[in-house]
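One structure is given here, and the rest of the page talks about it.
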Amino acid sequence: MSLLKVNRLKKSFSSPEGENINVVDVDNFALTSSEFCGMRGESGSGKTTFLHLLAGILSPDDGVIELEGQNTVDLNSSEKDSLRAGTIGYVFQSFNLLQGFSCIENLKLAMSFGSNYSESYAEDLLKKVGLAHRLSYKPSQLSIGQQQRVALARALVNKPKLVLADEPTGNLDSKNAKNAINLLCELCRETETALLVVSHDERVVSNFDRQVDWNEINNTDSEG
Amino acid sequence: MKKRFGNLFHLSSRGIKQFIFSSLIASLSIAMAGGLFLSTWKIKEGAQKSFKLSSSGFDAVLGARGSKLQLILNAIFHLEASPGNLDWEQYELIKNTRGVKEAYPLAVGDNYMGFRIVGTIPSLLTEHEWQEDTQYELNRGGRVFSESNKEAVVGSFVSSRLGLKVGDTFHPYHGLTFNESSKHDDIYVVVGILSATGTPADKVIWVPIKGIQHMEGHASEYANSISAVLVKFKGIAAGMELSMKYNRQGNQATLAWPIARTLAEFFKRLVWFEEILKAIAYLIALMSSLIILATLRNSMNERKRDFAILRCLGASRSFVTQVVLGQSLIISFIGALGSFLICFLTSSLASYFIRKETGVMLEPFTLDLNAWYVFLTIIFLGLVSGIPAAISAYRVDISKNLQHTT
């Protein structure tokens, strides 16, 4: 059963010169529940914009995004907030952890926007990613690899149906990158969460059974 | 809900920590504005109330022809110089006038260590009620001076400042200000210490009126003259009648009556000073609002990314707005508490100096309804100052403010 269905999704931006630049133009894209998918594409080709559209961070110019049968394009702002809080987990290349908060606080904060607040679950997740001994550490006190593990745990803390990972290994060395991808897949498998990873790195995308080429599904010829 | 509130507070306080210096400056300026406003108003209210209550149970002052206010300040509050002298007969005359319940002569002109020596008759301290049903009391072991001896009763404030106690002796000094070279030869013995009253009686040294009149070195014409007469009427009619007699028909003496009205007119004259202080307080309040505004704007520029992350995690627009408003709330709350502290300190300081100069004791600082209005106004102004930054947080563009795009 399809968890995510995208139809005729379009997004364009105006350039500083006033020119209209089409960034996303996807006819069809779908993801089933618990499915893992790796999407490859060059930097600056619109992958992040695509993920932002899926997460309701941006609104499309046209098209439909169905998540669990509901067209998220029609949702209002607060419904989109709830969607991001409960149904979608997001992993960033630069981790985007809140610097003033400890590891456990970063997870608890994300949890507070969802509907199932459980401190023990947040601690369990951090234990699973090997940070049981770093619960009260601030991000600046952690290594890059450890920061990414906190970010992975945070994306899953509200038991989302779908995790969107945007270049999750972009800031990691090859060893840490492999570990991060393995960990992400393991966590998503355990929680039966669908996973969409976008990356320019072939080594990352090759980890997934289903691989999609962004340039093949995106009908624009733009570099934006 | 509790967690959400905790996170809100954590995020707001983090914004303050991040900009601790400008946040503290904002709080301090709020505290100064609120403190100045509150103190101006508290000291004025307190002084007006206390001065009105400090008429020491008298309705009028009879003195030499001149300003009523000067008479009151001199005879009741022991401030300023006497406008002139009256003959002893004037005292006898008013004392025996129908409608006059009590009359006490005063003679001034000497001091001891800067504290005024006031000559009067013993019955002022033994019979007069300085407030309803309350007479002056002496500390244990003391008594009132006798009319014909060189004895003194010391006010409680003078006693505590100079350490004078029963049995001590002192030489009076000529004039109302202390000058070491103008010492009289007379020696006075302290026979009593007046219990504290919170009125001007506490800050003078009381001696028999004859002592002042016949003090060694005083001109012989002083022997029959007095500085003023403190008067209490049986009813208001006597006041009106005597006011007419002395102030309209006569030309030798002035009757300052009623004391409360003259003091009210005096305070009205000080309104301009109060208005200036208020204007300064408003200016500082405006400045502190601008500082909050600037602090939060700067903070917003640095925190847009944090807010974008929060929004991406599912925080609503209203949540990030509340974070910014929470920040301005904390700044203004600290400022409001600071304004109470400043008000308490300045009121205490003003109270000390007013007591030192006039003997009048101001009421201690209390948090009455008006103080809470000021508190709420500060919080309100703080929140209003936070609105532009809060709107900016509300409108934060998640996509633009999240680093890295592919």
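What follows draws every value from the coordinates through simple rules; no lab data is involved. In this text, all values refer to a predicted model and were calculated from it rather than measured experimentally. Cβ placement follows ideal geometry from the backbone for every residue including glycine, while neighbour counts extend to all protein chains displayed.
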| message | Quick check: net charge around B:N301, other residues with Cβ under 14 Å of its Cβ, Lys/Arg +1 and Asp/Glu -1? | response | +3
| remark: Sorted by chain and number, the residues with a modelled amide H under 5 Å from that of B:V118, at a separation of 5 or more or across chains, are B:I205, B:W206, B:V207
| query | How big is the charge dipole of the range A:25-133 about its Cα centre, in debye rounded to the nearest 20, if each Lys and Arg gets +1 on its Cβ and each Asp and Glu gets -1 on its Cβ? | reply | 520
| said: Can you find, among B:H128, B:I292, B:I236, the residue sitting farthest towards the positive end of the charge dipole of chain B, where Lys and Arg contribute +1 and Asp and Glu -1 at Cβ? | reply: B:I292
| message | Could you tell me the calculated FRET efficiency between A:Y137 and A:Q211, based on Cβ-Cβ distance and R0 = 41 angstrom, to the nearest 0.05? | response | 0.70
| query | What's the exposure ranking of B:F266, B:F375, B:F380, going from fewest to most Cβ atoms within 10 Å? | reply | B:F380, B:F266, B:F375
| query | Lys/Arg Cβ at +1, Asp/Glu Cβ at -1, dipole of chain B taken about the Cα centre: which of B:P258, B:L138, B:I20 is farthest positive-ward? | reply | B:I20
| field | Computed helical MRE - 222 nm, chain B, DSSP H runs ≥ 4 contributing -39500 (n - 2.57), nearest 500 | value | -18000 deg cm²/dmol
| Karplus couplings for the range B:286-299 from phi (6.51 cos²θ - 1.76 cosθ + 1.60, θ = phi - 60°), rounded to Hz, Gly and Pro as x? | 5, 4, 5, 4, 5, 5, 4, 4, 5, 4, 6, 5, 4, 4
| Relative counts (whole %) of C-alpha pair distances in the range B:243-300, using bins that are 5 Å wide | 4, 15, 10, 11, 10, 8, 8, 7, 6, 6, 5, 4, 3, 3, 2, 0
| Debye, to nearest 20: dipole size of chain B, +1 on Lys, Arg Cβ, -1 on Asp, Glu Cβ | 2700
| remark: Longest principal axis of chain B (C-alpha) makes with the long axis of helix B:317-358 (C-alpha) an angle, in degrees to the nearest 10, of 10
| task | May I have the count of lysine pairs in the range A:1-152 with C-alpha atoms under 19 Å apart, counting pairs 8 or more residues apart or located on different chains? | result | 11
| Once label points are set 7 Å from the Cα along Cα→Cβ at both B:S318 and A:S174, what is their separation, rounded to one decimal in nm? | 5.2
| lysines with Cα under 27 Å of B:K95, excluding same-chain neighbours fewer than 8 positions away | B:K52, B:K68, B:K150, B:K203, B:K210, B:K232, B:K234, B:K245
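Once R0 is set to 41 Å, what does the formula 1/(1 + (r/R0)^6) return for the Cβ-Cβ distance between B:V271 and B:E241, expressed as a FRET efficiency to the nearest 0.05?
Computed FRET efficiency for B:V271 and B:E241 comes out at 0.80.
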| task | Among B:K232, B:K17, rank each residue by its count of other Cβ atoms within 10 Å, from fewest to most, as a rough exposure measure. | result | B:K17, B:K232
| Which ³J(HN,Hα) values in Hz, rounded to whole numbers, follow from the phi angles of the range B:111-127 under the Karplus curve 6.51 cos²θ - 1.76 cosθ + 1.60, where θ = phi - 60° and Gly and Pro get x? | 8, 9, 6, x, 8, 5, 9, 10, x, 7, 9, x, 5, 4, 8, 9, 10
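Please order B:K203, B:K44 by the number of other Cβ within 10 Å, starting at the fewest.
Numbers: B:K203 22, B:K44 17.
Fewest to most other Cβ atoms nearby, the residues stand as B:K44, B:K203.
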| query | Taking the simple approach of a point 7 Å from Cα along Cα-to-Cβ for both A:S34 and B:E132, what is their distance in nm? | reply | 8.8
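At 0.890 mPa s and 25 °C, plugging the Kirkwood radius over alpha-carbon pairs of the protein assembly as shown into Stokes-Einstein gives what diffusion coefficient in µm²/s?
Values: Rh = 31.1 Å.
The calculation lands on 79 µm²/s.
Quick check: from the Cα gyration tensor, does the range A:83-135 come out rounded (a/c under 1.5), prolate or oblate? Write out the running numbers ahead of the final one.
Details: a/c = 1.61, a/b = 1.17, b/c = 1.37.
Oblate shape, in that a/c is at least 1.5 and b/c is the bigger or equal ratio.
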| query | So if we plug the beta-carbon distance of A:D62 and B:S13 into 1/(1 + (r/R0)^6) with R0 = 41 Å, what FRET efficiency do we get, rounded to 0.05? | reply | 0.40
| Using a simple charge model, +1 on the beta-carbon of Lys and Arg, -1 on the beta-carbon of Asp and Glu, nothing else, what dipole does the range B:60-257 show about its Cα centre, in debye to the nearest 20? | 420
| task | At most 14 other Cβ atoms within 10 Å and a DSSP loop assignment: could you name the GluC sites (Glu not before Pro) in the range B:212-314 that fit? | result | B:E216
| Charge dipole of the range A:2-217 about the Cα centre (unit charges at C-beta), most positive-ward option of A:V24, A:N215, A:N179 | A:N179
| Inter-site label distance for B:H214 and B:A260 at 7 Å from Cα along Cβ, in nm | 4.1
| request: Report the full-extension gain for the segment B:D185 to B:L286: residue separation times 0.36 nm, less the Cα-Cα distance, to one decimal in nm. | output: 30.3 nm
